[in-house]
1. Can you tell me which residues in region 55-79 are touching a residue at least 60 places away in the same chain (Cβ under 8 Å) and under 20 Å from the mean Cα position of the chain (by Cα)?
2. What single numbered condition from (1) under 30 Å from residue 431 (Cβ atoms); (2) crowded, with 17+ Cβ neighbours inside 10 Å fails to hold for residue 33?
3. Within region 95-103, does at least one residue satisfy the condition of being modelled with pLDDT of 90 or more, under 24 Å from the mean Cα position of the chain (by Cα) and not in a helix (DSSP H, G or I)?
4. What number of residues in region 1-51 are within 30 Å of residue 347 (Cβ to Cβ) and not in a helix (DSSP H, G or I)?
5. Can you run down the residue pairs with Cβ atoms below 9 Å, 6 or more apart or on separate chains, where the first is in region 6-24 and at pLDDT below 95 and the partner is assigned to a helix (DSSP H, G or I) and surrounded by fewer than 16 Cβ atoms within 10 Å (Cβ to Cβ)?
6. Please count how many residues of region 224-234 are touching a residue at least 60 places away in the same chain (Cβ under 8 Å) and over 9 Å from residue 267 (Cβ atoms).
7. Is it the case that region 299-313 has a residue that's surrounded by fewer than 16 Cβ atoms within 10 Å (Cβ to Cβ) and under 30 Å from residue 455 (Cα atoms)?
8. When you scan region 428-435, do you find a residue that is crowded, with 22+ Cβ neighbours inside 10 Å and either more than 25 Å from residue 113 (Cα to Cα) or in contact (Cβ under 8 Å) with a residue 60 or more places away in the chain (or both), even just one?
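The values are calculated or read from the model by the stated rules, or taken from the named source; none is laboratory data. Keep in mind it's a predicted model, so treat the numbers as computed, not measured. Because the Cβ atoms are built from the backbone with ideal geometry, glycine has one as well, and the counts that use them run over all protein chains shown.
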C-alpha cells in the first residue's frame, strides 16, 4: 500500500464512522451482545467546547516537530488536553453543563459503586482493617462493579471520605484525582513504546494517539482510564528483566503485580504478551535463554507470593479467598443480568468479533486500520523488529478475545491494553508526513467529540 492510499483509506474510514455516529446510522454503536445507547446533545454545546481543548495537543505536535528534544514539554501539553477533554466530556452530559456530573457519577451505585460502598462501610463502622479481613464475605453485599474487584478502589474512596467527608465535594475530589492519575497513561505509553521499539518518534506519535482516544476521554471518571499505567509497569519491568538479566527488575515486577492485583485483576491476562516477548528475546538475543526466562519468572512469581503472604500476616487480607469470591461473583452477576435482560448469551465464538469491534470503537475505529497498515508496511519494507513487536501486541489482544477472558464492554474493560495497541500505531505514523499525522489526529478528535455527543457511555449516575 502506498502512503497516499493508506492516508485516503484512514480518512475514508474516519468519515464513514463520523457520519454514521452523528446521524445514528448503521448500528455502529452496537454489536450483537451489547449496545451503547444513542443520545443527542446539541452541537452548539459539544464542538465549541471540546475542539478548542485540543489546542495544547496540536501545539505539542508542532513543538515536537521543531524541537524533538522538548518531548516532555510536548507530552505534558498532551496530558493537559486529555484532562481537559475528560472533564469537558463529562460536564456537557448535563443540560445545562455542570461539573456536578462528575460527582454524580462517582457517587452512583451502578456506574461506579466504589464511593457508595465506602459510604456504606462507614455507616456500618467497618474500617480498613476489618474490610481487608472480611472482604471475601463482604463482596456479596456490594453493588455491581465492586463485587468482582479487589479492595483497592474501595479503600481509595474510604481514604478520600475520611479526609474530605461524605458529601458531593469529596466525590468531586475523587473524580478529579482519578482524572489526574489517568493522564499519566500518556507518558507511560510513551515510555513503553520507546522501550519496546527504541524509536522515540514512534513512542511520541503512539502516545499522542492515546491522548485523543474516545475510551479514556468518555469513561471518565471511572477508574479504568488509570489502568494503562499498571500495564506499562508490568510489561516494562519484564522487558528490562529479559534484556538485562538483573534480578531487581523481576523483583520489582512481582511487587508491581501484587499492587496491581490489589487494584484490578484485568492486567493478569497480559501473560500472553509476557510469554511472547520472552520467546522473541530467545529468538533474537543469543544471551537470553530459557533458563533466564525461567529464573526471572520464578523470582517475580516468588516476590508476588511473598508480598501477598507478608500483607496477609500484617492485615489478615487473604488474596486467594478474595480472588475466588470475586470470580464467583462474576457468575452470579451474569445470572442476574440474564434474568433482567433476556437475550443472547455471551458465548464463544460469537464474542470474539463483538469484543474486538467494541475495542475498535473505544479506540476510534481507525486504530485497527493503522495497525493493519503497520503490519503490512513493516513486512513489506523488511523491518522485522517492528513487525514482530507489533504482532506480539496484536496477539495479546486477539488472545484475550479468542479465549473469551474479558467479555463485553471491551471499549471500557480493555482500556488497560491501549498502550499495546498504540505501539503499532506509533510505528505506522512515524513514516507519515507531519500534515498527514495532523489530519489523522484531527479525524480522531472529531470522532471522539461525535461519540461524546451521540452515545451514552455512562448510562446512569444514580
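1. Residues satisfying the conditions are 57, 75, 78, 79.
2. (1)
3. The first filter runs over region 95-103 and keeps only residues modelled with pLDDT of 90 or more, leaving 96-103.
If we keep only those that are under 24 Å from the mean Cα position of the chain (by Cα) too, we end up with 99, 101-103.
When the remaining residues are screened for being not in a helix (DSSP H, G or I), the result is 99.
Within region 95-103 (the criterion being modelled with pLDDT of 90 or more, under 24 Å from the mean Cα position of the chain (by Cα) and not in a helix (DSSP H, G or I)), the answer is yes, since at least one residue qualifies.
4. Qualifying residue count, region 1-51: 16.
5. Final answer for the pair search is 6/376.
6. Restricting attention to region 224-234, the residues satisfying the condition of being touching a residue at least 60 places away in the same chain (Cβ under 8 Å) are 224-225, 227-228, 230-232.
Going one step further and asking which of them are over 9 Å from residue 267 (Cβ atoms), we end up with 224-225, 228, 232.
The number of residues fulfilling the criteria is 4.
7. Of all residues in region 299-313, those surrounded by fewer than 16 Cβ atoms within 10 Å (Cβ to Cβ) come to 301-302, 305-306, 309-310, 313.
Next, from what is left, pick out any that are under 30 Å from residue 455 (Cα atoms): none.
The answer is no, given that none of the residues of region 299-313 is surrounded by fewer than 16 Cβ atoms within 10 Å (Cβ to Cβ) and under 30 Å from residue 455 (Cα atoms).
8. The first filter runs over region 428-435 and keeps only residues crowded, with 22+ Cβ neighbours inside 10 Å, leaving 428-429.
When the remaining residues are screened for being either more than 25 Å from residue 113 (Cα to Cα) or in contact (Cβ under 8 Å) with a residue 60 or more places away in the chain (or both), the result is 428-429.
Yes, region 428-435 has at least one match.
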